[in-house]
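Read the structure below first, then the notes.
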Ligand SMILES: Nc1ncnc2c1ncn2[C@@H]1O[C@H](COP(=O)(O)OP(=O)(O)OP(=O)(O)O)[C@@H](O)[C@H]1O
Ligand SMILES: [Mg+2]
């Protein structure tokens with residue numbers, strides 16, 4: 001798919017903006033703080049119903065305005081779809097598809113993007129929650145119905161935690177225990193599905209990840225992904241217990257759990273269905289959960305270990321290797337979306353990525369993304385962007401699109417605009 005037209009009203013620092021886009025690569029250039037990321041963020045929002053920079057929508061509505069509107073004309077082969085989203089400060093957001101109201105959560109069915117951003121380094125170096133979010137976003141883009149399963153799981157988890165807390169505060173009667181059993185059943189049913197979906201996704205990512213990493217680095221560092229499952233006794237590192245001490249009371253429910261969580265998933269435990277292991281883990285943890293007042297096992301406590309040459313990338317990999325791993329993960333995600341999506345290629349958005357890379361990796365990344373239907377690149381310095389991607393350049397200045405070129409009829413016929421001032425405007429403030 002590609003975005004043929006984007007209109008913004010009161011979105012971030014755009015009061016009103018209209019941009020025609022063609023297939024192929026477009027570079028958005030402008031000094032720092034002019035609105036380049038804001039613009040691509042709006043497209044990403046349609047695909048994920050979230051921003052890669054903030055949680056919550058308030059910051060997306062222009063200061064002083066009550067609501068923001070993002071309207072995008074998408075082209076899927078010979079079909080055109082007009083998506084419209086209104087983000088409201090007060091009240092629920094609203095969405096339209098071809099001018100008819102639809103549920104907001106329907107939009108990601110039609111808009112697929114993969115965003116590469118400097119923040120992606122946190123996938124490798126950050127907390128487990130960043131990795132869970134990356135996997136879950138990809139799952140939802142591939143199977144939108146999973147957003148519902150995730151929402152239900154979060155709700156059941158919150159209610160179960162409330163019950164555990166009140167039980168801790170007031171002592172637990174037999175009636176509460178029965179209620180807890182009921183919540184356990186629902187938590188396990190929803191959670192087991194999410195765990196299985198994530199495991200299947202990790203397996204599917206393996207080959208595209210290796211290929212993508214190789215295409216960027218040209219060395220075989222054997223990048224791999226290993227699930228770290230709390231239901232098998234592994235403790236993700238953002239949780240409050242040391243990873244090196246798997247919980248004894250969960251471990252008996254799950255077989256062996258090694259320090260990195262690998263053994264349980266690699267050996268006997270995996271033969272037992274996920275739901276059974278999850279239920280057993282909750283039984284084993286119940287006393288501790290009642291003491292602590294929180295749910296200690298489930299997909300909300302899981303992690304995935306990123307390995308290079310068999311060593312955890314976090315803590316061992318160099319800065320450049322970590323970056324390459326993050327880029328390779330995004331490329332692998334794009335490859336999966338391209339493979340199985342009825343909407344064709346996802347739109348690739350590279351926000352400020354080239355400034356972070358050396359020349360060789362810039363060129364390799366440009367080659368790796370070259371075949372995608374549409375690639376949107378932002379850069380403060382045009383010279384950072386490899387030449388093959390710079391056929392179409394749009395200048396952004398203080399929330400205005402300065403000189404958007406008419407989109408080329410065919411990407412091949414795009415001629416580079418005469419942009420002597422580009423180099424100056426591209427200078428970093
Ligand atoms: N809700 C909002 N209302 C008004 N202005 C906003 C809002 N949110 C962000 N901004 C402004 O948008 C600007 C940042 O835009 P953006 O992040 O897109 O910059 P950029 O062009 O990507 O810069 P850089 O090159 O530094 O990444 C800031 O000046 C910020 O104050
Ligand atoms: Mg930016």
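The values are calculated or read from the model by the stated rules, or taken from the named source; none is laboratory data. Please read these numbers as outputs of a predicted model, since none were measured by experiment. Glycine also receives a Cβ, built like all others from the backbone with ideal geometry; neighbour counts cover every protein chain displayed.
Checking each residue in the range 30-60 for being within 9 Å of ligand 1 (Cβ to nearest atom), surrounded by 19 or more Cβ atoms within 10 Å (Cβ to Cβ) and not in a helix (DSSP H, G or I) picks out 30, 34, 35. With respect to the conditions (1) more than 16 Å from ligand 2 (Cβ to nearest atom); (2) more than 20 Å from residue 47 (Cβ to Cβ); (3) at pLDDT 90 or above; (4) crowded, with 16+ Cβ neighbours inside 10 Å, residue 383 lacks only one, and its number is (4).
In the range 31-42, the residues that are touching a residue at least 12 places away in the same chain (Cβ under 8 Å) reach residues that are assigned to a helix (DSSP H, G or I) and more than 7 Å from ligand 1 (Cβ to nearest atom) with C-beta atoms within less than 9 angstrom, at least six apart or across chains, in these pairs: 31/425. Under the condition of being within 12 Å of ligand 1 (Cβ to nearest atom) and surrounded by fewer than 19 Cβ atoms within 10 Å (Cβ to Cβ), the residues counted in the range 68-91 number 1.
From the list 190, 157, 135, which one is within 17 Å of the chain's Cα centre (by Cα) and closer than 28 Å to residue 336 by Cβ? Quick ask: steps written out before the conclusion?
Working: 190 fails: within 17 Å of the chain's Cα centre (by Cα); 157 fails: within 17 Å of the chain's Cα centre (by Cα).
After applying the criteria, what remains is 135.
Checked against the criterion of being touching a residue at least 40 places away in the same chain (Cβ under 8 Å) and either assigned to a loop (DSSP other than H, G, I, E, B) or within 16 Å of ligand 2 (Cβ to nearest atom) (or both), the range 79-86 contains not a single residue that satisfies it. Residues in the range 215-239 that are out of contact with any helix residue (DSSP H, G or I) (no Cβ under 7 Å at 6 or more places or on another chain), buried (at least 18 other Cβ atoms within 10 Å of the Cβ) and modelled with pLDDT of 90 or more: 228 alone. Conditions: (1) away from ligand 1 (no atom under 16 Å from the Cβ); (2) more than 19 Å from residue 324 (Cβ to Cβ); (3) assigned to a helix (DSSP H, G or I). Residue 383 meets all but one. Number of the miss? The single condition residue 383 does not satisfy is (1). Filtering the range 341-380 to residues that are within 16 Å of ligand 2 (Cβ to nearest atom), in contact with a strand residue (DSSP E or B) (Cβ under 9 Å, 6 or more places away or on another chain), more than 12 Å from residue 113 (Cα to Cα) and not in a loop (DSSP other than H, G, I, E, B) leaves 351, 354, 355, 377, 378, 379.
Every residue in the range 110-127 that is surrounded by fewer than 20 Cβ atoms within 10 Å (Cβ to Cβ) and assigned to a helix (DSSP H, G or I), please. It would help to see each step written out before you state the result.
We begin by selecting, within the range 110-127, every residue surrounded by fewer than 20 Cβ atoms within 10 Å (Cβ to Cβ); these are 118-119, 121-122, 125-127.
Within the range 110-127, 118, 119, 121, 122, 125 meet the criteria.
One residue alone among 54, 3 is within 16 Å of ligand 2 (Cβ to nearest atom) and within 24 Å of the chain's Cα centre (by Cα), and that residue is 54.
If you check residue 360 against the conditions, is it modelled with pLDDT of 95 or more, away from ligand 1 (no atom under 16 Å from the Cβ) and at negative phi? It is false that residue 360 is modelled with pLDDT of 95 or more, away from ligand 1 (no atom under 16 Å from the Cβ) and at negative phi.
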